[in-house]
Structures are given as structure tokens and as C-alpha cells.
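Undergrad: Have a look at this one.
The values are calculated or read from the model by the stated rules, or taken from the named source; none is laboratory data. Please read these numbers as outputs of a predicted model, since none were measured by experiment. Heads up, the Cβs are rebuilt from the backbone with ideal geometry, glycines too, and the neighbour counts pull from every protein chain shown. Protein only, heavy atoms only, side chains kept; ligands, DNA and RNA dropped before computing areas. Shrake-Rupley method; radii C 1.70, N 1.55, O 1.52, S 1.80 Å.
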Amino acid sequence: MSGYIIILSTVIHTPMDLQHIHQAIVTFHGVSEWSVDLEDCDQILRVACTENIGLELVKSLERMRVSSSVLEVFDENGISLQNFVST
């Protein structure tokens, strides 16, 4: 069961950027699902996982030269933890 839903804005220019996102995500344990909305202007990355990995994921993507930022994090009750997110 996922405890957190993390919403990130990303910048994806090439299919390789999408592959880098995949490579970064699989390094985190507890991710149950993820998706990217390429039709959205912010190319929203949604990650469901057991821990709040938002900031660590941004750093991992940065090392792969994929720009991203955490927009919002929701806990298991659907409550926004936005006040606790620093980008």
C-alpha cells in the first residue's frame, strides 16, 4: 500500500529523459506506481510510494540532467504536506 503521492513538475525533451526518470525511480524501494503526463505543460510526474522520496527523487533526476521540482506531496489520508515541502 502506498503511503504518499508525490507530484512533480518535470522537463522532458527526449525519450532518453523519460528513460532517465525510469532509471531514477527504480532505485527507490517502495514505489508502487508512477506516471508522466506528457500532454500537460508541466509534464507532471506522479509517484505513489511508501515514503516521501520527493526531494531525493529531484536530486536523483538532477544527476541525470532531468530538471524537476516537487509541486505537492499527499499523505495516506490524501492530506497535502505542502507546508513541509521545500523546493
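Undergrad: Pairs only if they're at least six apart or on different chains, beta carbon under 6 angstrom, first in segment 31-45 and at positive phi, second of a type in the set (A, V, I, L, M) and not in a strand (DSSP E or B); list them, first residue then second.
TA: Short answer, once both residue conditions are applied: Gln43/Ile12.
Undergrad: Shifting gears a bit: Out of all the residues in segment 41-48, is one or more touching a strand residue (DSSP E or B) at 6+ places or on another chain (Cβ under 8 Å), open to solvent by 60 Å² or more (accessible area, probe 1.4 Å) and not hydroxyl-bearing (Ser, Thr, Tyr)? Let's see the steps before the verdict.
TA: Filtering segment 41-48 for residues touching a strand residue (DSSP E or B) at 6+ places or on another chain (Cβ under 8 Å) gives 42-48.
Among the residues that remain, those that are also open to solvent by 60 Å² or more (accessible area, probe 1.4 Å) are: 42, 46.
Filter once more, keeping what is not hydroxyl-bearing (Ser, Thr, Tyr): 42, 46.
Checked segment 41-48: at least one residue is touching a strand residue (DSSP E or B) at 6+ places or on another chain (Cβ under 8 Å), open to solvent by 60 Å² or more (accessible area, probe 1.4 Å) and not hydroxyl-bearing (Ser, Thr, Tyr).
Undergrad: Does any residue in segment 14-27 that is under 16 Å from Ile53 (Cβ atoms) and open to solvent by 60 Å² or more (accessible area, probe 1.4 Å) come within less than 8 Å, Cβ to Cβ, of a residue that is among the polar types (S, T, N, Q) and at pLDDT 95 or above six or more places away or on a different chain, and which pairs are these?
TA: Listed by first residue and then by second, the contacts come to Thr27/Ser60.
Undergrad: Still on this model: Say whether the condition of being among the hydrophobic types (A, V, I, L, M, F, W, C) and open to solvent by less than 30 Å² (accessible area, probe 1.4 Å) is met by at least one residue in segment 28-40. Lay out the reasoning, then the answer.
TA: Residues of segment 28-40 that are among the hydrophobic types (A, V, I, L, M, F, W, C), as a first pass: 28, 31, 34, 36, 38.
From what is left, the residues that are open to solvent by less than 30 Å² (accessible area, probe 1.4 Å) are none.
Scanning segment 28-40, I find no residue that is among the hydrophobic types (A, V, I, L, M, F, W, C) and open to solvent by less than 30 Å² (accessible area, probe 1.4 Å), so the answer is no.
Undergrad: Got a number for residues in segment 49-66 being open to solvent by less than 40 Å² (accessible area, probe 1.4 Å) and more than 25 Å from His13 (Cα to Cα)?
TA: Of the residues in segment 49-66, the ones open to solvent by less than 40 Å² (accessible area, probe 1.4 Å) are 49, 53-54, 57-58, 60-61, 66.
Remaining after also requiring more than 25 Å from His13 (Cα to Cα): 49.
Here the count works out to 1.
Undergrad: Which of the residues that make up segment 11-29 are in contact with a strand residue (DSSP E or B) (Cβ under 9 Å, 6 or more places away or on another chain) and under 19 Å from Cys41 (Cα atoms)?
TA: Result: Val11, Ile12, Asp17, Leu18, Ile21.
Undergrad: Looking at Ser69, is it in a strand (DSSP E or B) and open to solvent by less than 70 Å² (accessible area, probe 1.4 Å)? Full working, then the answer.
TA: On the way: in a strand (DSSP E or B): yes; open to solvent by less than 70 Å² (accessible area, probe 1.4 Å): yes.
It is true that Ser69 is in a strand (DSSP E or B) and open to solvent by less than 70 Å² (accessible area, probe 1.4 Å).
Undergrad: I want to confirm something. Restricting to segment 1-54 and keeping residues that are small (Gly, Ala, Ser) and part of a strand (DSSP E or B), which single residue is nearest to Ser68 (Cα to Cα)? Walk me through how you get there before you give the answer.
TA: Here is the first cut: in segment 1-54, the residues small (Gly, Ala, Ser) are 2-3, 9, 24, 30, 32, 35, 48, 54.
Going one step further and asking which of them are part of a strand (DSSP E or B), we end up with 9, 32, 35, 48.
Details: Ser9: 5, Ser32: 20, Ser35: 14, Ala48: 17 Å.
Across segment 1-54, the extreme among qualifying residues is Ser9.
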